Amino acid sequence: MNPNALSDWQTWAAITAVVVTMVLFIRGARKKKKSGGCDSCGPVGCGSDPE
Amino acid sequence: MEDSTDLVALAGNPNSGKTTLFNALTGSAAKVGNYAGVTVDIKRGETRTPHGAVLEIIDLPGTYSLEGGSPDQQIAREVLSGKHDRVPRPSLVICVLDASNLERHLQLALEVIELEIPIVIALNMVDLAEKTGIRLDPVKLAEELGVPVVPMQADKGKGIVELKQAMRHPFPAAPDEIGWEKGDAESRRAFGLSTSDLSARRPTAHTSTLSDKLDRVLLHPVWGWFFFIGIFFALFWSIFSWAGIPMGWIESAQEFLIGKVEGLMSEGDFRDLITQGILGGVGAVVIFLPQILMLFFFIGLLESSGYMSRAAFLMDGFMAKVGLSGKAFLPLLSSFACAIPGVMATRTIDSAKERLVTIFVAPWMSCSARLPVYLLLVPMLLGGREGGAKQALFFLGIYVLGTLTAFAVARILRGRLGPDEVESHFMLELPPYRLPQWNYIFRHVLDRGWAFLRKAGTTILGIMILLWAATTYPKLDSEDPGEVLSHTIVGRISDTIEPLVKPMGFDGRTGTAILTSFAAREVFVGSMAQLFQIEESDDEDETRGRIRDRLAAETWADGKPMFTMPAVLALLIFYIYALQCLPTSAVVAREAGSWKWAVGQFVFMTVFAAVAALLVYQVGTFFSS
Ligand SMILES: Nc1nc2c(ncn2[C@@H]2O[C@H](COP(=O)(O)OP(=O)(O)OP(=O)(O)O)[C@@H](O)[C@H]2O)c(=O)[nH]1
Ligand SMILES: [Mg+2]
């Protein structure tokens with residue numbers, strides 16, 4: 001393990017990636033709630049999205 | 001919808017080729033299959049006529065008549081009569097008729113003519129009619145009806161140009177005079193029969209077709225079942241034996257990339273995120289792409305061959321025993337691909353209660369998202385070797401178990417709901433066997449594969465990144481990897497839930513992986529790949545290697561092996577039964593008309609899964625010790 005973890009650019013890059021992911025997830029969930037659709041249908045999409 | 005573009009609706013009996021025509025006109029790849037009730041919702045697209053006009057095309061579910069019928073047929077009826085709340089009345093209806101079945105299909109066309117909307121008749125499947133020896137006379141048909149008739153063969157694109165010519169402005173007006181009494185069903189029927197006699201002359205002697213001969217075997221009370229089981233066995237067997245090679249390629253690519261990244265970057269968190277979280281976690285899921293493609297290919301073959309209705313026919317007697325009709329078996333079969341289209345397909349069921357029961361049990365048919373989980377666990381049970389008849393048989397068993405449980409629950413639920421107000425009449429068409437439209441199957445399989453990759457690149461990638469963070473932070477300065485792990489978020493979660501999942505034979509990490517898979521089932525495989533590599537991460541050479549081998553070597557603190565036969569079986573059972581798919585729940589809520597059904601289903605299935613896993617592990621360890 002890296003003792004002076006926070007001074008290292010990789011840690012910052014990793015934390016940024018994690019934060020961006022979280023933001024995207026929250027935004028995605030909001031959008032989905034609004035549209036009420038099922039765009040992330042199944043593993044493979046259902047091919048029958050509601051109108 | 002814009003007002004300036006004209007709306008053209010495709011209507012007709014089920015299985016007449018509407019969607020095939022829709023795809024040909026609009027270039028889409030909407031679902032096509034050789035059985036009645038493939039399309040259960042409105043599909044939209046656009047086409048350009050040779051005169052440059054843009055038309056909006058909508059594909060409708062098939063309907064036998066403009067009266068009565070199941071929810072899917074209701075949609076078609078509402079649109080045609082202008083009563084649908086989101087779709088305006090179409091300015092032109094293309095009525096698609098199966099020329100080899102004209103006397104039956106013509107009835108709907110007559111009903112649509114009575115509505116006085118501009119109409120063009122697409123006399124489809126002329127190839128089939130000719131093969132059966134029917135002598136078609138489209139000109140006579142047009143004369144009798146007073147509307148344009150375009151003979152065509154939609155699956156080969158023949159007649160599309162002529163049809164587009166007929167779709168030009170001004171649209172052909174509905175005939176001023178009709179040859180039967182408007183609104184009188186009897187008179188309409190008689191007119192339809194005499195017209196179809198005149199314009200589609202049947203050969204006098206009935207010759208036994210290839211379909212008849214095949215059905216003598218495939219619908220045979222004994223041989224029929226033999227083939228039914230044989231077909232599904234062959235399906236799983238080929239998934240195992242053929243997918244191994246492309247799977248190996250993906251695996252080597254994954255290892256190559258991990259090696260490259262490790263060579264290029266210095267040690268650190270970001271490198272770990274890439275190698276462990278992204279390449280390791282997402283890669284563990286993507287490896288199963290070949291199998292997913294194979295499964296969809298085979299389901300596509302089944303759907304387009306005409307065998308689906310035969311399977312439903314065979315199951316009819318059995319289904320009656322659980323209080324459902326054979327028709328309910330079609331949505332259940334579709335659920336092997338994905339429960340969502342399966343739930344949607346229950347719209348073809350007339351009886352509301354039967355429909356609710358079918359919706360409730362549909363997620364128990366093993367969907368393709370479970371495939372990666374099964375593919376990870378089954379070889380662990382059977383000695384780790386991939387391929388072979390034994391695994392195919394075991395797989396068949398998994399699918400049968402899910403199906404039988406679905407039936408048992410359906411039976412109990414059906415009994416509780418009480419008898420139906422309307423008598424459900426089981427009308428199952430047995431269309432002739434057909435060769436698939438290969439270009440459609442190809443597109444369909446690619447489509448599904450692409451959707452799987454998209455999901456891997458979005459939802460699964462996101463969860464893998466978050467999981468990586470949760471297994472890494474907060475950090476502890478220690479030499480003991482176990483201590484470091486239990487200091488992290490995942491370590492704390494897994495220590496908390498371990499007492500809960502231990503009776504099922506799982507440790508806290510497996511429990512955590514199960515938790516993450518409530519976002520999507522496939523995530524389980526990626527989570528396991530991440531969670532079970534951490535302890536070895538100080539030993540660089542050991543980090544890689546197959547998840548399965550790593551799991552097999554895993555031990556409890558006291559040195560006993562962790563993934564014993566009962567434990568793996570319990571995991572498998574949990575995944576057969578648990579409902580871990582939010583989109584499915586959303587669709588169930590919509591189709592059943594209430595959130596209560598979706599919530600009830602989720603709780604019931606998840607509790608059932610946990611109890612079943614518990615029982616399997618406890619009984620299993622009791623007997624194996
Ligand atoms: N021989 C032949 N087969 C065709 C023709 N057009 C379509 N088919 C086949 O007929 C079957 C039914 O096609 P679909 O387009 O799904 O029929 P549909 O009218 O949309 O059916 P529903 O959605 O169930 O109402 C498929 O197997 C097609 O491949 C044709 O002109 N000739
Ligand atoms: Mg269709």
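The values are calculated or read from the model by the stated rules, or taken from the named source; none is laboratory data. Here the structure is a predicted model, which is why all the values come from computation and not from measurement. Using ideal geometry, Cβ is built from the backbone for each residue, glycine included, and neighbour counts are taken over all protein chains shown. For accessibility, only protein heavy atoms count, side chains too; no ligands or nucleic acids. Shrake-Rupley method; radii C 1.70, N 1.55, O 1.52, S 1.80 Å.
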Legend entry - Any chance B:ARG310 is assigned to a helix (DSSP H, G or I) and assigned by TED's automatic domain parsing to the domain that holds B:ALA451: no
Inset, instruction - Report, by residue number, each residue of region B:70-97 that is in contact with a Ser or Thr (Cβ under 7 Å, 6 or more places away or on another chain) and either surrounded by 22 or more Cβ atoms within 10 Å (Cβ to Cβ) or assigned to a loop (DSSP other than H, G, I, E, B) (or both). - result: B:SER70, B:ASP72, B:GLN73, B:ALA76, B:VAL96, B:LEU97
Legend entry - Qualifying position, being within 14 Å of chain A (Cβ to nearest Cβ), acidic (Asp, Glu) and either within 16 Å of ligand 1 (Cβ to nearest atom) or closer than 30 Å to B:ARG201 by Cβ (or both), among B:ASP59, B:ASP127: B:ASP59
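Of B:ALA352, B:ALA345, B:ALA362, which residue is within 13 Å of another protein chain (Cβ to nearest Cβ) and either open to solvent by 10 Å² or more (accessible area, probe 1.4 Å) or farther than 18 Å from B:ILE299 by Cα (or both)?
From the options B:ALA352, B:ALA345, B:ALA362, the qualifying one is B:ALA345.
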Inset, instruction - Kindly provide the set of residues from region B:130-141 that are touching a residue at least 12 places away in the same chain (Cβ under 8 Å) and away from ligand 1 (no atom under 16 Å from the Cβ), ordered by number. - result: B:ARG135, B:ASP137, B:LYS140, B:LEU141
Legend entry - All positions within region B:437-457 that are of a type in the set (Phe, Trp, Tyr), open to solvent by less than 30 Å² (accessible area, probe 1.4 Å) and at the interface with another protein chain (Cβ under 9 Å from one of its Cβ atoms): B:PHE452
Inset, instruction - With respect to B:GLU144, determine if the residue is more than 16 Å from ligand 1 (Cβ to nearest atom) and assigned to a helix (DSSP H, G or I). - result: yes
Legend entry - Enumerated helices (runs of 4 or more DSSP H) restricted to region B:437-524, each holding at least 2 residues that are within 16 Å of ligand 2 (Cβ to nearest atom): B:438-455
Legend entry - Conditions (1) within 30 Å of B:LEU375 (Cβ to Cβ); (2) within 16 Å of ligand 1 (Cβ to nearest atom); (3) of a type outside the set (A, V, I, L, M): number failed by B:GLY159: (1)
Legend entry - Hits in region B:316-328 (condition: surrounded by fewer than 24 Cβ atoms within 10 Å (Cβ to Cβ) and in a helix (DSSP H, G or I)): B:ASP316, B:GLY317, B:PHE318, B:MET319, B:ALA320, B:LYS321, B:GLY326
Inset, instruction - Only helices (runs of 4 or more DSSP H) wholly contained in region B:197-275 count here; list those with 1 or more residues that are at pLDDT 90 or above and over 36 Å from the mean Cα position of the chain (by Cα). - result: B:223-264, B:269-272
Inset, instruction - Of the conditions (1) surrounded by fewer than 22 Cβ atoms within 10 Å (Cβ to Cβ); (2) away from ligand 2 (no atom under 16 Å from the Cβ); (3) on the phi < 0 side of the Ramachandran plot, B:ASP41 clears all except one; give me its number. - result: (2)
